[in-house]
Amino acid sequence: MNLSINKKNIEVDVDPYKPLLWVIRENCNLTGTKFGCGIGQCGACTIQLDGVAVRSCLTPAQAAEGKEITTIEGIALNEDHMHLLQESWIEEQVPQCGYCQSGQLMSAHALLSKNSHPSDADIDEAMSGNICRCGTYPRIRRGIKRAAELMILDTNAKSKSHGEME
Amino acid sequence: MGKWSRRAFISLGVLSGGALVLGIAIRPGNRAKKVKGFIGNKDETVLNIWVKIARDNTITVIVPHAEMGQGTHTTLAMMLADEMDADWSKVKVMEAPSDKEYANYALAKGFILENKKLPSFLTDTLNGTFLAITKQMGLQITGGSTSVRFTGTYAMRVAGAAVKEVLMKAAADLWKLPVEELQAQKSHVLHEKTKQSIPYASLAESALELKQDVNPRLKSPDEYTLMGTSPKRLDAPSKVNGTAYFGIDVKLPNMKYASIKASPVFGSKLKSVDKAAIRSMKGVHKVISLETAVAVIADSYWLASIAINKLPITFEDSSKASISQNDIYKMYLECFEKANKDGDQIKDVYKGDMANTFLVDEKQLSAEYRVPFLAHATMEPMNCTAHMHDGICELWLGSQNPLGFAKSVAEVLDIPIDKVKVYNQYLGGGFGRRSVPDVAIQAALLAQEVDYPVKLIWSREEDIRQDHYREANISRFKASLNQEGMVTGWENQFMFKNEPAEAPHIPYAIENQFIHYTETENPIPWGFWRSVDSSMHGFFTESFMDELAIKANKDPYEFRREHLKDSPRHLKVLDLAAEKANWSSSLPSNWGRGISIHKSFGTIVAQVVEVEIIKGKVKVHRVVCAADPGYAFHPDGFVAQMESGIIYGLTAAIYGEINIENGAVVESNFHDYEMLRMNECPIIESYIISSDSFPGGAGEPSTPGIAPALTNAIFSATGQRIRELPIKNYQLEMSKEVIG
Ligand code: FES
Ligand code: FES
């Protein structure tokens, strides 16, 4: 089966019902996506299919055919530059054990890509499927808000520099 | 080793009658050369067992603790780097290997000395004693909030300061200058007058020939450059880009995956397994029967987990199969009755004249509280990868006690301990769970049966049902109050006693006290659970204190204050929490405010919680937390741990319960063992007081006080007293009368 993960095509020989979580971890060797519960309760396995956050432990591999899969390894801008969300996570010192954080970041990333000004209620709604046993929720909330502000600054800066160029 | 506690050390004969016995003392001296083989490469100088310097002046701190989220790698590295005046931007951390040379003597020292100063001429000999004990015990533990308190104080700072001294001496020799004229700064030694400067790396080899002082001069707080600041955690970048490597991420050539199912009734032996049921499954390689469990090995974990669920497995009957939750509580109550009748309660605190106080003071109050069993539910399910080859057993996992695990596995496999290699990875949560070697033993036993590496992963169901649980407990109180509304007598009875010893002790000036308990066999496997005994006694004692305040017709905060007159440290913490929370300001209707104070692992924490009752359920809006850890070496990390411990405790208070039915755990995954989520997380404000007392812990002390502050707040909103956790089992009603 052909999969596109983080903009790379990968050919894998797997049972079409094998959950994407295990295809990604075992067959594609991307271990940033984590196993936490296997029943869609914890969000540790969150990835994106065409930009929408999904629980990969409940998504059969065949459901991803023809779609773009994004994992935590695929959100940085390039090798040297993290995504603003990742930078904000470091600024706010979010991670503790770190195990849930890939899933948290993928949910937050999906939120910010459709809502650049999330309210507290929006954050609750988008993030409540992701458990953090270390209790980093207050910092996750701050991380999302910081990233949202930086992204707006960033787009403003970009559109301004575009303006000047024209 | 099952239990690591002060008592465990004492029972080894180290302390007898309060005196240190030096029978097994050896002088360890500098063991740098011994450990060079496994921690250093040819371009590095290993200066002592905790620090090495590379040619490019990069300094690596070797930390004998696991990183499970508490930030210990960063904080311990800071403590050493500060004493050494190292350039922080070029400091790295490496976790100590699970070799007995890295048995952590500082822990033994911390547990035994509890901050007693020793005559300096004894230090070297005693370090030898502590090392000998810790080697014997296989001690390399992360837990008990010990890392900064003991390892940081007794190993990291001392090592950093000692190394700095020899580096400076080496520079003085080289330049033929008096050492007093030299300065250390950013991994260089400087001589201001002659404007000379030399990097530590160039001095390392000659410094190694000099004897390091076991009692070097440590910095005073005004000389700290790193301690007391909050540099970014060294592990943060890898934890936001998916590259942090946990036990579950290990991959080896030819590795296969295993799933496992152990007897749901604790300890029942395996009777039979019908292997034919999965014979036709492609990619499934082997079914392995262990004494109390069955495992399946397959090409993928997913396949292995489907296969294990298809396997018909039967376990032997066991006498435990009839035990249910209520039987356990009944058994506790019978133990109480019997102990009280026979007068053989184990005395924990006995002072004053208990018999009389209840005769004299007529105002009395009794109450009984209960807490259920609790599982740890670390975010990363238990797992271990094992490979047996050439008589060696290699293990990859996240462990809170790598050396102890090696010892346990060696015993089970009956091979020498140096044939077991444990490669410790990041821990996806620990909370005490990863100090039990069960999964490592299982993985080793599986690896023994095959000639390839096996990664054993527990399902979440297995994780919840095969834990080592914080025990369910009952605590009963009786107290008397005098005319002025002051408590004169305090009697408390409960089951079991583990760590910390002071968990059930109260800070309040109450003249007559009788605190006692009873031990019996706990039919459910027991384990260290974040803050251990304090996780329940905080709830018990601070709930009862609140009830007494109401009985005395006093404000719960003022009432505590009056009883803390002789404890200035406590009083300061309590006052700060109340002040920051604006304790006496009014709240909307349906809202309530509750307070608590509890000291554990050397840190005093007071909390004020604000709640709102919405449709019979509690909404926690705000938690104000004040803490005195003596000194916060990494303040932001300390605050993060306060938040973490509070949320962990909130989950337990609101949702946490493991129920036993027919000898097995009822709950199985996050749908029925629920966790607090983002939408339920309150605003948490933390404030730190530095009293300069001996450093206290960070990872545990905020957990005990949250449940009582919360239930006290619910009481103030509703008049409903919650005497049994968790809160989810209550329909909260607003009281008709206005309280307090
Ligand atoms: S592992 Fe997928 S939601 Fe928990
Ligand atoms: S950081 Fe440990 S579970 Fe979230």
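The values are calculated or read from the model by the stated rules, or taken from the named source; none is laboratory data. From a predicted model like this one, the values you see are computed outputs, not experimental measurements. As a convention, Cβ positions derive from the backbone with ideal geometry for all residues, glycine included, and neighbour counts pool all protein chains shown. Note: accessible area is taken over every heavy atom of the protein model, side chains too, but ligands, DNA and RNA are not part of it. Shrake-Rupley method; radii C 1.70, N 1.55, O 1.52, S 1.80 Å.
In region A:2-74, Cα pairs under 8 Å separated by at least six residues give a relative contact order of 41 percent. The 1.4 Å probe gives accessible areas that order A:Lys8, B:Lys275, largest first, as A:Lys8, B:Lys275. Per-residue 3J(HN,Hα) values for region B:255-262, derived from phi via the Karplus relation 6.51 cos²θ - 1.76 cosθ + 1.60 with θ = phi - 60°, read 5, 10, 10, 10, 10, 8, 9, 9 Hz in sequence order (x marks Gly and Pro). In order along region B:677-683, the phi-based Karplus estimate (6.51 cos²θ - 1.76 cosθ + 1.60, θ = phi - 60°) of 3J(HN,Hα) comes to 10, 3, 6, 10, 7, x, 6 Hz; Gly and Pro are listed as x. Remark: C-alpha extents of region A:84-165 on the principal axes read 48, 23, 16 Å, sorted largest to smallest. Using a probe of 1.4 Å, the accessible surface attributed to B:Ile415 totals some 40 Å² when neighbouring protein chains are kept in position. Any idea what log10 I(q)/I(0) is at q = 0.12 Å⁻¹ for region A:69-125, Debye with uniform C-alpha scatterers and no solvent? Debye output, listed in q order: -0.29.
Normalised by the number of residues in chain B, what is the relative contact order in percent for Cα pairs under 8 Å and 6+ residues apart? Averaging sequence separation for qualifying contacts and normalising by length gives 13 percent for chain B.
What translational D, rounded to a whole number of µm²/s, comes out for region A:30-99 from Stokes-Einstein when the hydrodynamic radius is the Kirkwood one over Cα pairs, at 37 °C and 0.692 mPa s? Estimated diffusion coefficient is 245 µm²/s.
Here B:Asp173 sits with roughly 100 square angstrom of accessible surface, probe radius 1.4 Å. How many percent of Cα pairs in region B:273-369 exceed 24 Å? Tail of the P(r) past 24 Å holds 58 percent of the pairs. Restricting attention to the protein assembly as shown, close to 75% of DSSP beta bridges with both partner residues there are antiparallel. Annotation: amide H of B:His621 within the under-5 Å range of B:Glu610, B:Val611, B:Glu612, sequence separation 5 or more or interchain, hydrogens built in the peptide plane.
Value of Rg to Rh for the protein assembly as shown, rounded to two decimals, is 0.97; Kirkwood radius and Rg both from alpha-carbon coordinates.
Computed with a 1.4 Å probe over protein heavy atoms only, the accessible surface of region A:84-165 comes to 40 Å² per residue.
Take the Cα of B:Glu316, step 7 Å toward its Cβ, do the same at B:Asn582, and the gap between the two points is 6.5 nm. When B:Lys320, B:Lys195, B:Lys338 are compared by accessible surface with a 1.4 Å probe, the order from highest to lowest is B:Lys195, B:Lys338, B:Lys320. Provide, for region B:473-729, the number of lysine pairs with alpha carbons under 22 Å apart, each pair being eight or more places apart or on different chains. The result is 18.
Normalised by 2.2 N^0.38 Å, with N the number of residues, the alpha-carbon radius of gyration of region B:473-729 equals 0.97. Please compute the net charge surrounding B:Arg561, taking Lys and Arg as +1 and Asp and Glu as -1 over other residues with Cβ under 10 Å from its Cβ. With Lys, Arg at +1 and Asp, Glu at -1, the net is -1.
D by Stokes-Einstein for region B:217-262, Kirkwood Rh over Cα pairs, 4 °C, 1.567 mPa s: 84 µm²/s. Residue by residue, what Karplus-based ³J(HN,Hα) values in Hz, rounded to whole numbers, does region B:48-64 have, using 6.51, -1.76 and 1.60 with θ = phi - 60° and x for Gly and Pro? Residue by residue, region B:48-64 yields 8, 5, 9, 8, 9, 10, 8, 3, 7, 6, 6, 10, 10, 9, 9, 10, x Hz. Residue order by solvent-accessible surface for B:Leu445, B:Leu650 is B:Leu445, B:Leu650, largest first, with ligands and nucleic acids left out and a 1.4 Å probe. Spin-label model, B:Ser238/A:Asp80: points 7 Å from Cα along the beta carbon direction are separated by 2.3 nm.
Alpha carbon centre of region B:438-468 versus region B:587-646: separation in Å? What the calculation gives is 37 Å, centre to centre. Only helical DSSP H runs with n ≥ 4 go in: add -39500 (n - 2.57) per run for chain B, normalise by residue count and round the 222 nm mean residue ellipticity to 500 deg cm²/dmol. Theoretical 222 nm ellipticity from helices: -9000 deg cm²/dmol. When the surface is traced with a 1.4 Å probe over the full set of protein chains, A:Val52 keeps roughly 90 Å² accessible.
A convex hull fitted around the alpha carbon atoms of chain B yields 177 Å³ per residue. Both radii come from the Cα set of region A:1-150: Rg as radius of gyration, Rh as Kirkwood radius; their ratio Rg/Rh reads 0.96. When the helices of chain A are scored as -39500 (n - 2.57) per DSSP H run of n ≥ 4 and the total is divided over every residue, the value at 222 nm lands at -11500 deg cm²/dmol.
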